[in-house]
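Notes follow once the structure below has been shown.
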Amino acid sequence: MNTEHFLEVRGLKKYFDAGRPRLFSREARFVHAVDDVSFSLRHSEVIALVGESGCGKSTLSLLLMGLEEPTEGSIFFEGRDITHLKESERKELRRKIQMVFQDPYESLNPTQTIEEIINEPLLVHGIAKDKRERDERVMKAMEDAGLKPAEVYLSRFPHELSGGQRQRVVIAAALVLEPEILLADEPVSMLDVSIRAEIINLLAELRITRQIAVIFITHDLGSVGFFADRVAVMYLGRIVEIGTMLEVLEKPKHPYTKALISVIPVPNPRLRHERIILQGETPNPIDVPKGCRFHPRCPVAIAICKDSDPPSVTLSKTHSAACLLLVK
Ligand code: SF4
């Protein structure tokens, strides 16, 4: 175990039972939601998990939170195997790994004031010895989440706030527990474009001021910008390419990553390049294609790709024989 990596995911799989294709059929079918995923996270590192909807990134986040039981594989946190903890053992862990959901309105109780919402995790976890300490923590979390001055927001209800302010409340409710990891699942996709940059800047600030690591889950590679240290690109339940943000954005190796990058809007017309439009839909995760799972849509696939299943691309590893020949 590399001690530099305080979260390590090894060979993680999550298959959901999809029932039988026909009545009396003996064939069992499974949705391969997460299919052999490995990666690690360093202290106060930001890693972006990027992929189309249905690629397994949200299931992966539920596995990391212990809200789904893995089919195979392991998750280590601070050197401890946390893959199959009992519910009673998870409480401390939940304090350290907090989640920020996509829809701030859905994740906030509309009948509670902002103060009650942010105070609640402290009560649930039995943190802070008295009301005064709880109040101090609530105010600090709100200010760190950009709800300044905090007093203005304390007695308001979620419906009285804008979408961006609501997402800041969700972030404050996570911060109040002083977590070590923020797992942000599409945290800006429900927000107006003008607000998205503010929330991403806030997360970028928090990783510096509070030394928090962030797992940023998104379908939009363009939103990762210069915020993430590393990018892991997921396709059909698997990480197909992982590297530093600059390596992946400037020198992508996997054809799928190249296609994702090619459709990121570029304001300067002179810097625009040809868009790679992938043909067809993402295959059904019940019937994952044999060989390279990307081959039915890959613009540079050759015959061997139907048989050869390449490992994910990292800078230290080469891709499959086909990609080695074809990817420049
Ligand atoms: Fe494309 Fe073949 Fe590489 Fe798969 S192995 S990404 S099909 S070139």
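The values are calculated or read from the model by the stated rules, or taken from the named source; none is laboratory data. Worth saying up front: this structure is predicted, and the values here are computed from it rather than measured. Methodologically, a virtual Cβ is constructed for each residue, glycine included, from the backbone with ideal geometry; neighbour enumeration extends over all protein chains shown. Note: accessible area is taken over every heavy atom of the protein model, side chains too, but ligands, DNA and RNA are not part of it. Shrake-Rupley method; radii C 1.70, N 1.55, O 1.52, S 1.80 Å.
Summary table
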| quantity | calculated |
| --- | --- |
| Scope the stretch 242-265; condition part of a helix (DSSP H, G or I) and open to solvent by 50 Å² or more (accessible area, probe 1.4 Å); matching residues | Leu246, Glu247, Glu250, Lys258 |
| Of all residues making up the stretch 266-296, the number that are free of Cβ contacts under 8 Å to residues at least 24 places away in the same chain and either assigned to a loop (DSSP other than H, G, I, E, B) or within 18 Å of Ala33 (Cβ to Cβ) (or both) | 20 |
| Search result, residues across the stretch 149-179 that are charged (D, E, K, R) and more than 17 Å from Asp192 (Cβ to Cβ) | Glu151, Arg156, Glu160, Glu178 |
| Among (1) within 16 Å of the ligand (Cβ to nearest atom); (2) open to solvent by 20 Å² or more (accessible area, probe 1.4 Å); (3) at pLDDT 90 or above, the one test that Gln279 misses | (3) |
| Subset of the stretch 90-106 that is open to solvent by 50 Å² or more (accessible area, probe 1.4 Å) and in contact (Cβ under 8 Å) with a residue 24 or more places away in the chain - its residue that is farthest from His159 (Cα to Cα) | Lys91 |
| Hits in the stretch 204-257 (condition: farther than 20 Å from Arg42 by Cα and small (Gly, Ala, Ser)) | Gly222, Ser223, Gly237 |
| Residues of the stretch 15-46 that turn out to be in a strand (DSSP E or B) and out of contact with any Leu (no Cβ under 6 Å at 6 or more places or on another chain), as a count | 14 |
| Options Asn109, Asn119; residue that is buried (at least 20 other Cβ atoms within 10 Å of the Cβ) and either among the polar types (S, T, N, Q) or assigned to a strand (DSSP E or B) (or both) | Asn119 |
| Test set (1) among the acidic types (Asp, Glu); (2) more than 15 Å from Met234 (Cα to Cα); (3) open to solvent by 30 Å² or more (accessible area, probe 1.4 Å) - Glu45 fails condition number | (3) |
| Test: residue in the stretch 294-311 that is surrounded by 20 or more Cβ atoms within 10 Å (Cβ to Cβ) and at pLDDT below 85 | yes |
